[in-house]
1. Of everything in segment 1-45 that's more than 19 Å from Ser223 (Cβ to Cβ) and of a type in the set (D, E, K, R), which residue is farthest from the chain's Cα centre (by Cα)?
2. Would you mention how many residues in segment 135-152 are under 17 Å from Met293 (Cβ atoms), among the aliphatic types (A, V, I, L, M) and not in a loop (DSSP other than H, G, I, E, B)?
3. I need a count of the residues in segment 79-103 that are under 22 Å from Trp33 (Cβ atoms) and either in contact with a Ser or Thr (Cβ under 7 Å, 6 or more places away or on another chain) or part of a loop (DSSP other than H, G, I, E, B) (or both).
4. Can you name the residue in segment 245-286 that is in a helix (DSSP H, G or I) and among the hydroxyl-bearing types (Ser, Thr, Tyr) and is also surrounded by the most Cβ atoms within 10 Å (Cβ to Cβ) among such residues?
5. Ala184 passes all but one of (1) in contact with a strand residue (DSSP E or B) (Cβ under 7 Å, 6 or more places away or on another chain); (2) of a type in the set (A, V, I, L, M, F, W, C); (3) surrounded by fewer than 21 Cβ atoms within 10 Å (Cβ to Cβ); (4) within 21 Å of Phe283 (Cα to Cα); which number fails?
Amino acid sequence: MTSLPLRAWRVTDPGAWNAFVEAAPYHAFPQLWEWGEVRAMGGWKPLRLAIGPSRDHPVAGAQLLLRPMPIVGWHLAYVPRGPIGDLDDPEVRVALGAALRALGNVERIATVRADPEAQIATAYGTALLQAPWRAAPKIQPPTTRLIDLTPGAEALRSALKRKHRQYVNKAERSGITIERFDGATPPEVIGPALADFNRIYQFTANRAGFVARQAFYYERVWSIFAPTGRVRLSFAVRDGERVAVLYHFTCGDRAVESYGGMTDAGADARANYLLKWTAIADFASEGFRVYDMWGLATGGIRQFKEGFGGEEIEYVGARDLPLRAPMDAALRLAIPAYGLAQRVRLKLLGREGHGIPEVE
């Protein structure tokens with residue numbers, strides 16, 4: 001329990017905000033400053049709100065993405081994978097709620113939609129399932145698989161399911177190699193690599209039946225995150241050809257695989273097994289504590305991920321916090337129609353809506 005009065009402020013320093021995010025309980029990469037800049041490309045307005053006893057000691061906060069709703073004239077605020085902080089503390093939760101309401105009055109926010117990485121068994125998760133919060137439509141994956149990296153690569157390899165170890169060994173013996181790129185990679189090198197990522201990812205999207213964004217989107221994401229060192233790109237290479245890819249973000253002690261794909265040649269060679277295992281081992285050797293597979297689909301993809309070990313995690317899912325009752329009610333009517341219009345528009349443009357597809 002906190003013993004000092006808590007006050008709220010907007011954070012305008014990217015470094016200070018990211019330092020808070022990476023050290024905070026319930027932290028996640030979509031709360032990093034750079035993700036707000038990514039979403040600003042799509043018309044969202046990012047705001048960063050913190051609370052604490054002083055500006056140099058934030059204890060909770062949220063990066064909010066504001067979207068004006070047509071006709072209604074007020075905003076929906078989305079908090080991707082947040083709020084974050086010491087939110088198992090009831091006093092902190094009350095103070096953050098008050099800060100969100102005060103911000104809502106200034107920014108004309110009718111509803112805050114949150115999607116935190118909080119499990120039901122936690123005090124924070126339990127609170128989110130109670131009033132004034134209510135259930136909201138699914139946005140981010142409500143389940144994922146987390147691997148504890150602290151035992152180290154040798155122990156983690158021993159924990160692989162037998163079939164997965166066999167396929168990793170087979171891929172290694174067949175001569176598949178792994179290429180790695182990070183934020184320090186020169187532009188003339190990362191450019192062709194991102195082009196190959198988009199080629200493989202688009203192929204995967206066509207095969208699996210989801211719609212990938214246009215190539216410039218992932219290139220822009222890289223350009224925003226690369227200077228911070230919080231983005232990675234890894235390929236499996238067979239006979240000089242890149243045949244499988246993973247696109248990772250890092251946040252504090254966690255590495256997250258967000259996008260991935262493979263070609264038919266990669267599938268035949270079991271390149272995805274070696275690629276994912278190598279990423280897990282690399283992050284473990286670098287001192288990361290958690291590897292997040294970012295969502296679980298059904299069937300073969302789920303089984304594929306289970307074979308690498310770890311624990312399946314279920315979050316409380318998306319929740320809404322109404323701030324202004326009449327406008328909130330209007331938004332509840334307007335959002336479905338707005339969402340349908342957006343999906344139609346994105347489909348016509350050849351861009352995806354919500355969701356992060358997986359790779360078996």
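1. Arg7
2. 2
3. 7
4. Among residues in segment 245-286 that are in a helix (DSSP H, G or I) and among the hydroxyl-bearing types (Ser, Thr, Tyr), the one surrounded by the most Cβ atoms within 10 Å (Cβ to Cβ) is Tyr273.
5. Among (1) in contact with a strand residue (DSSP E or B) (Cβ under 7 Å, 6 or more places away or on another chain); (2) of a type in the set (A, V, I, L, M, F, W, C); (3) surrounded by fewer than 21 Cβ atoms within 10 Å (Cβ to Cβ); (4) within 21 Å of Phe283 (Cα to Cα), Ala184 violates only (1).
Residue-wise test of (1) farther than 16 Å from Leu149 by Cα; (2) touching a residue at least 40 places away in the same chain (Cβ under 8 Å); (3) among the aromatic types (Phe, Trp, Tyr); (4) not assigned by TED's automatic domain parsing to the domain that holds Phe210.
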position: Ala226; (1), (2), (3), (4): yes, yes, no, no
position: Arg230; (1), (2), (3), (4): yes, yes, no, no
position: Leu233; (1), (2), (3), (4): yes, yes, no, no
position: Asp239; (1), (2), (3), (4): yes, yes, no, no
position: Asn272; (1), (2), (3), (4): yes, yes, no, no
position: Ala279; (1), (2), (3), (4): no, yes, no, no
position: Glu286; (1), (2), (3), (4): no, no, no, no
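The values are calculated or read from the model by the stated rules, or taken from the named source; none is laboratory data. Given the structure is predicted, the values throughout are model-derived calculations rather than measurements. Cβ atoms come from the backbone with ideal geometry, glycine included; neighbour counts cover every protein chain shown.
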